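K.L.:
Could you have a look at this structure, given as structure tokens, before my questions?
The values are calculated or read from the model by the stated rules, or taken from the named source; none is laboratory data. No experiment lies behind these values; they were computed from the predicted model shown. Cβ coordinates were reconstructed from backbone atoms using ideal geometry, including for glycine residues, and neighbour counts include every protein chain displayed. In case anyone asks, the SASA skips ligands and DNA or RNA and just uses the protein heavy atoms, side chains included. Shrake-Rupley method; radii C 1.70, N 1.55, O 1.52, S 1.80 Å.
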Amino acid sequence: MSVSADTSPAPAAVITEPLPDLQLQLLIQLLDEDPRSSLPLTLTHPGGLLHGDVIGHEQWKAEWSRSLRQVEGEGANLLAEFPETVDQGVRELHGQEQDARTARLPRWIHLRDVTLLGGAMSAVSLPLWRGRLSDVSGWALGRPQ
């Protein structure tokens with residue numbers, strides 16, 4: 001009886017995940033350049049229809065912090081700094097590599113004055129919303145009339 005050993009390399013694992021819309025990524029990247037800019041947008045995503053003003057990451061962090069500073073208590077102050085703390089940790093983790101990484105296209109979208117419409121539930125209003133761009137299946141300029 002002969003036993004043969006298969007010496008061919010094992011196939012590489014392939015990880016697949018939905019790709020964000022390149023045009024939407026570039027639009028968000030453009031909005032990130034001016035912290036005062038925003039744009040009304042309507043999105044479709046797994047939770048339903050969502051509309052609000054798209055804002056940049058830095059503006060989202062500032063508004064997150066401002067909204068939590070209005071809440072009393074030590075926990076609110078700690079949470080007010082949370083997005084900046086996360087960003088600082090990422091910068092420290094990547095060290096000098098961060099300069100090259102800043103050119104990377106955004107993977108998250110941030111909205112202000114949001115209305116979420118999903119299925120049979122009534123509309124939900126939110127002051128701020130953050131979502132993964134790869135979950136956005138469609139988008140349009142403006143808000144529904």
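K.L.:
Sort T44, T16 by heavy-atom solvent-accessible area, probe 1.4 angstrom, most to least.
P.N.:
Correct descending sequence by accessible area is T16, T44.
K.L.:
Beta carbons within 10 angstrom, averaged per residue: use that to sort the peptides 23-31, 110-118, 50-58, 136-144, highest first.
P.N.:
Highest-to-lowest ranking by the protection proxy: 50-58, 110-118, 23-31, 136-144.
K.L.:
Here is a further query. What are the residues whose amide H is under 5 Å from the amide H of L39, where those residues sit 5 or more places off or on another chain and H is modelled from the backbone?
P.N.:
Result for L39 returns V54.
K.L.:
How much net charge surrounds Q88 when only the other residues with a Cβ under 13 Å from the Cβ of Q88 are counted, with Lys and Arg +1 and Asp and Glu -1?
P.N.:
-2
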